[in-house]
Amino acid sequence: MAGTHRHNIDSEISITYITTSRKLTAVAALGVTIGIAIYIFMNSMAAGFSRKSDASIFKNVPHIRVYKDDEISTPLSPATHSGSLPLIVNPRVIPESQKIINPDQVLALLKQQPEVVIATPQVGVDVFYNSGRTQIAGVASGVEIAEADKMFSISETIVEGSIQALKNTPNGMLVGVGVASKMSVKTGDNITITSSRNVTKVMKVVGMFKTSNSNTDKTKSYININSARQLKQESPSYVSDIDVNVKDYDHAPAYSQQLSFLTGYKAEDWKAANETLVAAGRMRTIMINFISLSILLVAGFGIYNILNMTINQKINEIAILKAMGFQGRDVVRIFVQQAMLIGGVGIIFGLLCCSTMIFFLSRVYVGGDIGYFPITYEPEMYARGILFGLIVTFFAGYFPARKAANVDPVSIFRK
Amino acid sequence: MQPEIILQADKIGKYFYDPEKFRVLNDISFQVNRGEFVTLVGKSGSGKSTLLYILSTMDTDYDGLLTIQGERITGQQQQRLAALRNEKIGFVFQFHYLLPEFSCLRNVMIPALRLGKYSRKEIEERAYAKLKMLGLEDQALKLSAKLSGGQQQRVAIARALINDPLIIMGDEPTGNLDSKNTGIVFDILKDLAHHDQQTIVAVTHDNDFAQKSDRTIELQDGQVISTRKLY
């Protein structure tokens, strides 16, 4: 029987078809090149944007915030045993419910979790900055400044003074530039603040910060956590929130459930806290995916068209090949291979093309706190581009090839 | 010695359905022995080409029974039929159907590469030998499109011969050739039958061609009217 030697005659034929019609091949490959380049480029750009916008979210928001949610008293306490009366009260927030009990233990527990990178206590206080008769409402955030800096990159925003100075000064305070200008204070000056618990304290300005958000600059200040406890008239172990950063912030929602279960307090991830921003980001990703995929699809139609044309031209040759014993799957292989070769060449040039575009765009300075255009070589987007490129070219080849495989040679020879 | 039966048709019948049901072949039965050069003749519409395509295994829509070298062909899978054609049947058509992008040599090699019985080097040598036998050794490396009609038809014959097929089937193999080339092609086919014991079944409407063959089967209105036509 036949078949002791395997000759790859199918590829030989498809390669010959490609090399003898270079112009058509080049046009089809160029379509794929453009499609792939735009697909990867646009998706890398979208990835850069969302990374940038996530980064700006994480300047104010931790990946996960652990806190005690307000608890409302149950309006009806049913009778516990026969003879006692059920108790009805007005539902209201239970006082003292906002604090985390035994925060050191909770903190230690959180830090033990393998996916937790930073866990740091926080006490937020609503305050008035007093300057003579003017009072400016704002928020003083009581933090362990070294850990908070790791989490929110505060030092990047410092324009005067330093983080270290706050650590060294028990009643020190880092204020936003907006607050400073309204109060007309500079580093070294004193400021009087009054808390919502009506505690007044004189603080020393040890530095100023400027973020990209002017509202933050006009209201926010960082103080040592102990000062915040004093402003709230709380004990030295009082903690209202624990901020947690995890290794992979995309998985924060899953971790937050886990942490909530572990600690018994509410753990809110950044996605839940910033739903609008997250939804907008998702919308942008979908849109860009949709547009770039359609461009890739158009490139696929280019290959489809050219193969259809080739097959119509070569219908006699397909018939004789089938007469000589080539099977349907040989014919499919010939034309699918042709499509894949065209697609492969197109993909390679597309990768070069989009790498060049990313190279130049990443060196464009756009200013603001964005700096250089936020685009990098995204391996995931490259992988997806190659994968979709191959899928599209496969089907662009498969459908015409199947048609060719179904050619009835007799009907061709009888014409 | 009893001659070996290569091809056997038993009550082959076929209908055409377009534009209306019509019986083109009616219980055709005959057999062909090894080394015979048989021609199928008949007026146009007599069903001779239809019969040839059934014999060639490409048309599977018929009644009756077809056997090639003792193997029942009727009802076989397309895949098996393709492999069988590759190994056992060589085709020569009125038109050469060469692949214009390939050299003559590679055109001849294609069916052998598909079969995979020999190494590439052996196939190349064999293809070259076939071309030489047909007087085309000088054209071997030229693109097939650059050759004259007669030469192209001879390349097509070389391609039909490359796997040493049991049967060579021709559909008007000299239909497009002038009398000189017709003579050459006929002599080649006759030599193949008588010298190399290959079986040849060819449809023709050229009476001279038919007359010189070993045996002529004549069809009329889908019936065999003679399996041994005398001139």
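In the stretch B:83-106, which residue that is among the small types (G, A, S) and more than 22 Å from B:Q31 (Cα to Cα) is surrounded by the most Cβ atoms within 10 Å (Cβ to Cβ)? Lay out the reasoning, then the answer.
Step one: of the stretch B:83-106, the residues among the small types (G, A, S) are B:83, B:90, B:103.
Those still in the list that are more than 22 Å from B:Q31 (Cα to Cα) too: B:83, B:103.
Values: B:A83: 19, B:S103: 17.
Across the stretch B:83-106, the extreme among qualifying residues is B:A83.
For the subset of the stretch B:184-218 comprising residues that are charged (D, E, K, R) and surrounded by 13 or more Cβ atoms within 10 Å (Cβ to Cβ), which member is nearest to B:L136 (Cα to Cα)?
Here is the first cut: in the stretch B:184-218, the residues charged (D, E, K, R) are B:187, B:190-191, B:196, B:206, B:208, B:212, B:214-215, B:218.
If we keep only those that are surrounded by 13 or more Cβ atoms within 10 Å (Cβ to Cβ) as well, we get B:190-191, B:206, B:208, B:212, B:214-215, B:218.
Details: B:K190: 18, B:D191: 17, B:D206: 25, B:D208: 26, B:K212: 25, B:D214: 27, B:R215: 29, B:E218: 34 Å.
By that ranking, first place goes to B:D191.
Here is the figure for the stretch A:315-343: residues that are closer than 24 Å to A:L387 by Cα and either among the charged types (D, E, K, R) or without any contact (Cβ under 8 Å) to a residue 24 or more places away in the chain (or both) total 2.
In the set B:K121, B:K142, B:K132, only one residue is of a type outside the set (A, V, I, L, M, F, W, C), within 14 Å of another protein chain (Cβ to nearest Cβ), on the phi < 0 side of the Ramachandran plot and surrounded by fewer than 17 Cβ atoms within 10 Å (Cβ to Cβ); that residue is B:K121. Residues that are at pLDDT 90 or above, over 27 Å from A:Y17 (Cβ atoms) and among the acidic types (D, E) do occur in the stretch B:71-83, at least one of them.
Listed residues A:V345, A:V366, A:V331, A:V336; which is crowded, with 20+ Cβ neighbours inside 10 Å, more than 14 Å from chain B (Cβ to nearest Cβ) and on the phi < 0 side of the Ramachandran plot? Spell out how you get there, then give the answer.
Numbers: A:V345 fails: crowded, with 20+ Cβ neighbours inside 10 Å; A:V366 fails: crowded, with 20+ Cβ neighbours inside 10 Å; A:V331 fails: more than 14 Å from chain B (Cβ to nearest Cβ).
Being crowded, with 20+ Cβ neighbours inside 10 Å, more than 14 Å from chain B (Cβ to nearest Cβ) and on the phi < 0 side of the Ramachandran plot holds for just one of A:V345, A:V366, A:V331, A:V336, which is A:V336.
For the residues A:A148, A:A140, the requirement of being assigned to a helix (DSSP H, G or I), within 24 Å of A:I242 (Cβ to Cβ) and either in contact with a Ser or Thr (Cβ under 8 Å, 6 or more places away or on another chain) or in contact (Cβ under 8 Å) with a residue 40 or more places away in the chain (or both) singles out A:A148. Could you say whether any residue in the stretch B:14-30 is under 26 Å from B:R154 (Cβ atoms) and either crowded, with 22+ Cβ neighbours inside 10 Å or facing another protein chain (nearest Cβ under 8 Å) (or both)? For the stretch B:14-30, residues under 26 Å from B:R154 (Cβ atoms) and either crowded, with 22+ Cβ neighbours inside 10 Å or facing another protein chain (nearest Cβ under 8 Å) (or both): absent.
Yes/no per residue for (1) among the acidic types (D, E); (2) within 10 Å of another protein chain (Cβ to nearest Cβ):
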residue	(1), (2)
B:D61	yes, yes
B:L65	no, no
B:Q79	no, yes
B:F91	no, yes
B:H96	no, yes
B:F102	no, yes
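Would you pick out the residues in the stretch B:107-118 that are at the interface with chain A (Cβ under 7 Å from one of its Cβ atoms) and either buried (at least 22 other Cβ atoms within 10 Å of the Cβ) or among the basic types (K, R) (or both)?
Residues of the stretch B:107-118 that are at the interface with chain A (Cβ under 7 Å from one of its Cβ atoms), as a first pass: B:110-111, B:113-118.
Result: B:I110, B:P111, B:L113, B:R114, B:L115, B:K117.
Could you list, in sequence order, all residues of the stretch A:118-151 that are over 26 Å from A:S184 (Cα atoms), among the hydrophobic types (A, V, I, L, M, F, W, C) and crowded, with 16+ Cβ neighbours inside 10 Å?
Listed by number, the residues that qualify are A:I118, A:A119, A:V123, A:A148, A:M151.
Put simply, of A:V177, A:V199, A:V246 the only residue that is among the aliphatic types (A, V, I, L, M) and touching a His at 6+ places or on another chain (Cβ under 6 Å) is A:V246.
The condition of being basic (K, R), crowded, with 16+ Cβ neighbours inside 10 Å and at pLDDT 85 or above holds for only one of A:K266, A:K247, A:K271, that being A:K271. Residues that are within 14 Å of chain B (Cβ to nearest Cβ) number at least 3 in the following helices (runs of 4 or more DSSP H) confined to the stretch A:1-119: A:9-20, A:22-57.
Quick check on B:L113: is it free of Cβ contacts under 8 Å to residues at least 12 places away in the same chain and part of a helix (DSSP H, G or I)? Yes: the conditions hold for B:L113.
Among the conditions (1) out of contact with any helix residue (DSSP H, G or I) (no Cβ under 6 Å at 6 or more places or on another chain); (2) of a type in the set (D, E, K, R); (3) assigned to a loop (DSSP other than H, G, I, E, B), the only one that B:R106 does not satisfy is (3).
How many residues are touching a residue at least 40 places away in the same chain (Cβ under 8 Å) and over 16 Å from A:M45 (Cβ atoms) if we restrict to the stretch A:265-291? Can you show your working first?
Let us first name the residues in the stretch A:265-291 that are touching a residue at least 40 places away in the same chain (Cβ under 8 Å), namely A:265-270, A:273-274, A:277, A:281, A:284-285, A:288-289, A:291.
Now narrow it down to the ones that are over 16 Å from A:M45 (Cβ atoms): A:265-270, A:273-274, A:277.
Number of matching residues: 9.
The values are calculated or read from the model by the stated rules, or taken from the named source; none is laboratory data. All values reported here derive from a predicted model rather than from experimental measurement. A quick note on method: Cβ atoms are made from the backbone with ideal geometry, for glycine too, and the neighbour counts reach across all protein chains shown.
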